[in-house]
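Right, one structure below, let's go through it.
The values are calculated or read from the model by the stated rules, or taken from the named source; none is laboratory data. Quantities reported herein were computed from a predicted structural model and do not represent experimental measurements. Positions of Cβ are backbone-derived with ideal geometry, glycine not excepted, and every protein chain shown enters the neighbour counts.
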Amino acid sequence: MSFKLKSNYQPTGDQPQAIDSLVKGIQSGKNFQTLLGVTGSGKTFTMANIIERINKPTLVIAHNKTLAAQLAQEFKDFFPENAVHYFVSYYDYYQPEAYIAKTASYIEKEASINEEIDRLRHAATQSLLTRKDVIIVASVSCIYGIGDVASYQEHTLLLEVGKEYAIEEVIERLVGLQFRRSTTDFGPGMFRVMGDILDIWSSASEDIVRCHFFGDELEKIEYAEPITYHKKEEVKEVLLFPAKHFVTSEDTIETILPKIQKELEERIKFLESIEKPIEAERIKMRVEYDMEMLQETGYVNGIENYSMYTSGRNPGDTPSTLLDFFGDDFLTFIDESHITIPQIGAMYAGDKSRKDNLIEYGFRLPSALENRPLRFDEFEKKIGQSIFVSATPSKYEAEHTQNIVEQIIRPTGLLDPEIAIKNMEYMADDLSNEIQNALQKNERVLVTTLTKKSSEDLAKYLAENGTKVQYLHSEIDTLERLEILKDFRMGKTDVIVGVNLLREGLDLPETSFIGVLDAEKVGFLRSKTSLLQIIGRAARNVHGRVTLYVNNRTKESKIIPLPIDYDTDLAVSPAMKEAIEETYRRREIQQKYNLDHDITPTTIVSKIKDIGIQSKKGKNLENITIQNEDKKTALKRLELEMDIASANLEFEKAAEIRDMIVELRGK
């Protein structure tokens, strides 16, 4: 099936030129191109048009989950008949395994998995293996190993109506695909048998597969709602993929166990030779336990640390990642590339440093190093023909791009915002006035600071003065962050204060004023690139303005000429000068285009999107409400479920239920 772009608009401004140039570049074999598009110029729409014309599976990489979620929803709107998926890390909370030698502290891996995001990851990989019209919007987690694609593809189970299957053999196959049999709770990656009905809940689906048997004959297959069993669709066949991305067969396990044993013996011998008997005994106990679990169940927590063996790789071989599921011919967009590229480049070194400590002190075998993200040179070889997308491309893009295309004109005629420079000394009063002015027009305000403490203090001050304010910080999980941004757009919050979370890619057209505190400071958060990105957040509103709050200029510093009027007693950094000059260069081009084409600027109106992913807390409490239980009944049921989970040694699940009980008691 081909990509079919659905939109009420046609490319305008300099979009047609950008689309044509980049499409020709791809068709002529260019590997790296750059779309230098300002905020609000319709970069995503340009990308969508390129995808439709090139008609290849496409990977879009974003540098954080929030931006990836926003892009995924936009592409779903553009391509409702095609497969658009969201692929990010499935951890709500993740503390990697580590050892701190200085304090002799071992930190065990601790993680809280979001089942909905895990389902979306499985849906993404399964679509890539079954169709070509696929867009995957991913975070940088796409460069981490997820199991061998060939093994994942081989371990499938096809069930067809009218054929005969011994149900015991089907169950055995499901167990081999890492599905778990359910006797009480039923969820993704599980199956259950009720008389002649076999229910299977694929890790990639919101619905269950109900297989109706008459004796050994499979009479009927239907997709059904998992709680009510309401039939949604009847099908003739179903192809089931493994419940986990890391999957191993009995034959594979029998083959790899001697290899792991050999490495273990070599490691023990080495540690003993350098007089580390404690580390030698530690690695012996840990690996022997893992081998026993693999032999008995085919799986062990931390199986990814043996991925070199399970995938048949040699030391140093490139691990299998999401990119391998695309095949050889696909298109890659790297969104906000000035941030995403450095992020990808830093992943390998950080992971290796942590693993080296674990290996040195007897917690992991040296082969655990092969469970790793891609090195940057490996990433470059694996990605398809690539287009960097950024309003502020960095050095890497400049050195590698074979074609750079500017997209400065906004279809709505909006200009880059006007900029003012004001004294930090009077910031609080001035900011309060700006907030009131924005609220009178039903608009919103963003404020960015340099430190978490200053953000907290400012948010507290504004709240005490009656402002509906939210403080956005790095400790807020992905889904809660999306809710905060949604509330901001809906008017439940008028002001968001943050540190480094208000820069790239956020679509907040209600924002008409942005305050940048300590704008003259030197550093990454106040570089030319960062300032341009911050300024760009106000370019989606016709009233968009930015104030750079700065301190007084020292007597030794020079007065810097700017294309705007300002108090020359105030400090101006070189980064501020460059950002302001670039902003007003763009304004001049935009104003001329509007004048030549008789365009009146209008605020971008975009609908408030919901990516349909719930946090665990929200999902669980909603379930309680749906069942119309009173508080006392709900608490009793949850306590029973917690006891059952504990009895079944499902301690992570028990902890989640305990948290729900605590929250419900507090209501």
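Quick check on my filter: what residues within segment 516-533 are surrounded by fewer than 22 Cβ atoms within 10 Å (Cβ to Cβ), assigned to a helix (DSSP H, G or I) and at pLDDT 90 or above?
Answer for segment 516-533, where residues must be surrounded by fewer than 22 Cβ atoms within 10 Å (Cβ to Cβ), assigned to a helix (DSSP H, G or I) and at pLDDT 90 or above: just LYS528.
How many residues does segment 104-143 contain that are part of a helix (DSSP H, G or I), within 26 Å of GLY176 (Cα to Cα) and either in contact with a Cys (Cβ under 9 Å, 6 or more places away or on another chain) or not charged (D, E, K, R) (or both)?
12
In the set LYS232, LYS262, which member is over 26 Å from PHE325 (Cβ atoms) and assigned to a strand (DSSP E or B)?
So the residue among LYS232, LYS262 that is over 26 Å from PHE325 (Cβ atoms) and assigned to a strand (DSSP E or B) is LYS232.
Scan GLU406, GLU397, GLU378, GLU360 and give me the residue that is under 28 Å from HIS245 (Cβ atoms) and among the acidic types (Asp, Glu).
GLU378
Identify, from the list GLY13, GLY37, the residue that is on the phi > 0 side of the Ramachandran plot and touching a residue at least 12 places away in the same chain (Cβ under 8 Å).
GLY13
Suppose we filter SER139, SER202 for residues that are of a type in the set (Gly, Ala, Ser) and farther than 30 Å from ILE334 by Cβ; which single one remains?
SER202
For segment 399-409, does any single residue satisfy the condition of being part of a helix (DSSP H, G or I) and among the charged types (D, E, K, R)?
Taking every residue of segment 399-409 in turn, at least one turns out to be part of a helix (DSSP H, G or I) and among the charged types (D, E, K, R).
Out of everything in segment 26-54 that is assigned to a helix (DSSP H, G or I) and within 10 Å of ILE387 (Cα to Cα), what residue ends up being farthest from the chain's Cα centre (by Cα)?
The selected residue is ILE26.
Results for (1) aromatic (Phe, Trp, Tyr); (2) at pLDDT 90 or above, shown as yes or no for each residue.
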site: GLY345; (1), (2): no, yes
site: ASP351; (1), (2): no, no
site: ASP356; (1), (2): no, yes
site: GLY362; (1), (2): no, yes
site: SER367; (1), (2): no, yes
site: ARG375; (1), (2): no, yes
site: PHE379; (1), (2): yes, yes
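Please determine whether any residue of segment 358-373 is within 26 Å of the chain's Cα centre (by Cα), more than 23 Å from TYR144 (Cβ to Cβ), buried (at least 17 other Cβ atoms within 10 Å of the Cβ) and among the hydroxyl-bearing types (Ser, Thr, Tyr).
no
Can you name the residue in segment 272-300 that is touching a residue at least 12 places away in the same chain (Cβ under 8 Å) and under 32 Å from the mean Cα position of the chain (by Cα) and is also farthest from TYR106 (Cα to Cα) among such residues?
GLY298
Of the residues that sit in segment 60-93 and are in a strand (DSSP E or B) and over 13 Å from the mean Cα position of the chain (by Cα), which one is surrounded by the fewest Cβ atoms within 10 Å (Cβ to Cβ)?
Once the filter is applied, the top-ranked residue is TYR93.
If you go through segment 144-203 one residue at a time, how many are under 25 Å from GLU304 (Cβ atoms), β-branched (Val, Ile, Thr) and assigned to a helix (DSSP H, G or I)?
Total meeting the criteria: 2.
What helices (runs of 4 or more DSSP H), lying completely within segment 559-648, carry at least 2 residues that are at pLDDT 85 or above and closer than 30 Å to LEU71 by Cβ?
The helices (runs of 4 or more DSSP H) meeting that bar are 574-596.
Just to check your reading of the model, which residue among LEU71, LEU36, LEU5 is assigned by TED's automatic domain parsing to the domain that holds SER141 and either modelled with pLDDT of 95 or more or touching a Leu at 6+ places or on another chain (Cβ under 6 Å) (or both)?
Going through LEU71, LEU36, LEU5 in turn, the sole match is LEU36.
Just need a number here: residues in segment 132-154 that are of a type in the set (Ser, Thr, Tyr) and more than 21 Å from PRO242 (Cβ to Cβ).
1
Could you tell me whether segment 324-334 includes any residue that is closer than 22 Å to VAL140 by Cα, in a loop (DSSP other than H, G, I, E, B), outside the structural domain of ALA123 (by TED's automatic domain parsing) and in contact (Cβ under 8 Å) with a residue 12 or more places away in the chain?
no
Show the residue pairs that are 6+ apart or on different chains and have beta-carbon atoms under 9 Å apart, the first residue being within segment 101-122 and closer than 30 Å to TRP201 by Cα and not assigned by TED's automatic domain parsing to the domain that holds ASN301, the second being modelled with pLDDT under 75 and small (Gly, Ala, Ser).
SER112/ALA655; ASN114/SER615; GLU116/GLY612; GLU116/SER615
Yes or no: SER203 crowded, with 16+ Cβ neighbours inside 10 Å, closer than 30 Å to LYS65 by Cα, touching a Gly at 6+ places or on another chain (Cβ under 6 Å) and of a type outside the set (Phe, Trp, Tyr)?
Yes, satisfied.
Is it true that THR46 is surrounded by fewer than 19 Cβ atoms within 10 Å (Cβ to Cβ), more than 30 Å from ARG119 (Cβ to Cβ) and out of contact with any Asp or Glu (no Cβ under 6 Å at 6 or more places or on another chain)?
no
Within the bounds of segment 403-410, is there any residue that is surrounded by fewer than 18 Cβ atoms within 10 Å (Cβ to Cβ), over 30 Å from LYS56 (Cβ atoms) and at pLDDT 95 or above?
No: segment 403-410 contains no residue that is surrounded by fewer than 18 Cβ atoms within 10 Å (Cβ to Cβ), over 30 Å from LYS56 (Cβ atoms) and at pLDDT 95 or above.
Quick one: which residue in PRO319, PRO315 is in a loop (DSSP other than H, G, I, E, B), farther than 28 Å from VAL23 by Cβ and in contact with a Lys or Arg (Cβ under 9 Å, 6 or more places away or on another chain)?
Matching residue, one of PRO319, PRO315: PRO319.
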